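The values are calculated or read from the model by the stated rules, or taken from the named source; none is laboratory data. Just so you know, these numbers come straight off a predicted model, no measurement behind them. Heads up, the Cβs are rebuilt from the backbone with ideal geometry, glycines too, and the neighbour counts pull from every protein chain shown. Surface accessibility is based on the protein's heavy atoms, side chains included, excluding ligands, DNA and RNA. Shrake-Rupley method; radii C 1.70, N 1.55, O 1.52, S 1.80 Å.
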Amino acid sequence: MRRAVQTLLGLAALLAVCLPLRAETVVAGLSRDAINITANFVGSEILIFGAVERDAPSPEGDLEVIITIEGPSEPVAVRRKDRRFGIWVNAASIEVDEAPSFYAVATTGTMADALSQVEDLRHHVSISRAIRAVGTGVEHPEEFTNALIRIRESEDLYQSIEGGVTLRNETLFDTSIRLPANLVEGDYRTRIFLTRGGEVLDVYEQDIAVRKVGIERFIYNLAHERPLVYGILSLAIAIAAGWLASAVFRYIRA
């Protein structure tokens, strides 16, 4: 028994030496953990707030907070158009293995000050690191991923909000991120990073469930679970709409 106790004490001492103490940790919350997509859904705004919990005095260096919201990832084909014989045609293309359907990253300062390149590569925090394109088979694949980022930024699906996180007395922080109307259904991962000197101190994660409800859910389920019924119903609605429009015009002309 004594030998077993000594062994456990030795293991505990070894772990205490090997594992770094986390003097600063995140305590956070979200204004909403679920979003319902209805027929009149126009987007939503998420308030993210929290505090830094400490069990030791603050070390030297400025504390930074990075907050990300990431939608479900999906493969995406990115094509480049070239002008040939006076006509714009699809030329080279790549298949991006994984690209978030939505991605927003907000920081207290600049991303360069808040996170080192090594930590960004490790945690995939910036938008460019969140996109995974491996074995594309073309030269300069970053041109295609940059084009994808520009397109989705124009659609408000990718957001880089430097200085968007407010940090008070290196303790309390908050930000708000706008989710557009064209969201993909799924679980949206929220991550909060505490950093000093570009190094990650702690990470907090929480999911936001985005689901279709009401008539949107009925149409979605019908299209995916009973495509034949969905097609017949769509055709019937189109015929009825055409007949009704024709009847209205005949009535007006009469």
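Just a yes or no: is a residue in the range 190-204 at pLDDT 95 or above, closer than 30 Å to Asn36 by Cβ, surrounded by fewer than 18 Cβ atoms within 10 Å (Cβ to Cβ) and basic (Lys, Arg)?
Looking through the range 190-204, none of the residues is at pLDDT 95 or above, closer than 30 Å to Asn36 by Cβ, surrounded by fewer than 18 Cβ atoms within 10 Å (Cβ to Cβ) and basic (Lys, Arg).
Select from the range 18-68 the residues that are in contact with a Lys or Arg (Cβ under 9 Å, 6 or more places away or on another chain), open to solvent by 80 Å² or more (accessible area, probe 1.4 Å) and farther than 24 Å from Leu179 by Cβ and list them in ascending order.
Within the range 18-68, Asp55, Glu60, Asp62 qualify.
Just wondering, is there one or more residues in the range 89-98 that are modelled with pLDDT under 90, of a type in the set (Val, Ile, Thr) and surrounded by fewer than 17 Cβ atoms within 10 Å (Cβ to Cβ)?
Yes: the range 89-98 contains one or more residues that are modelled with pLDDT under 90, of a type in the set (Val, Ile, Thr) and surrounded by fewer than 17 Cβ atoms within 10 Å (Cβ to Cβ).
To keep it simple, each residue is scored yes or no on (1) closer than 30 Å to Val165 by Cα; (2) at pLDDT 80 or above; (3) part of a helix (DSSP H, G or I); (4) not aromatic (Phe, Trp, Tyr).
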| position | (1), (2), (3), (4) |
| --- | --- |
| Gln206 | yes, yes, no, yes |
| Arg211 | yes, yes, no, yes |
| Arg217 | no, no, yes, yes |
| Asn221 | no, no, yes, yes |
| Gly231 | no, no, yes, yes |
| Leu235 | no, no, yes, yes |
| Ala238 | no, yes, yes, yes |
| Trp243 | no, yes, yes, no |
| Ala247 | no, no, yes, yes |
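Going by the conditions given, is Arg80 within 21 Å of Asp156 (Cα to Cα), open to solvent by 90 Å² or more (accessible area, probe 1.4 Å) and either at pLDDT below 75 or of a type in the set (D, E, K, R) (or both)?
So Arg80 does not fit the description; no.
Please enumerate the residues belonging to the range 112-134 that are open to solvent by 60 Å² or more (accessible area, probe 1.4 Å), out of contact with any helix residue (DSSP H, G or I) (no Cβ under 6 Å at 6 or more places or on another chain) and either part of a helix (DSSP H, G or I) or modelled with pLDDT of 95 or more (or both).
Those that are open to solvent by 60 Å² or more (accessible area, probe 1.4 Å), out of contact with any helix residue (DSSP H, G or I) (no Cβ under 6 Å at 6 or more places or on another chain) and either part of a helix (DSSP H, G or I) or modelled with pLDDT of 95 or more (or both): Ala112, Asp113, Gln117, Val118, Leu121, Arg122, Ser128.
Output the residues belonging to the range 150-180 that are touching a strand residue (DSSP E or B) at 6+ places or on another chain (Cβ under 8 Å), of a type in the set (A, V, I, L, M) and surrounded by fewer than 19 Cβ atoms within 10 Å (Cβ to Cβ).
Ile161, Leu167, Leu172
What about Val105, is it at pLDDT 90 or above, in a loop (DSSP other than H, G, I, E, B) and open to solvent by less than 70 Å² (accessible area, probe 1.4 Å)?
So Val105 does not fit the description; no.
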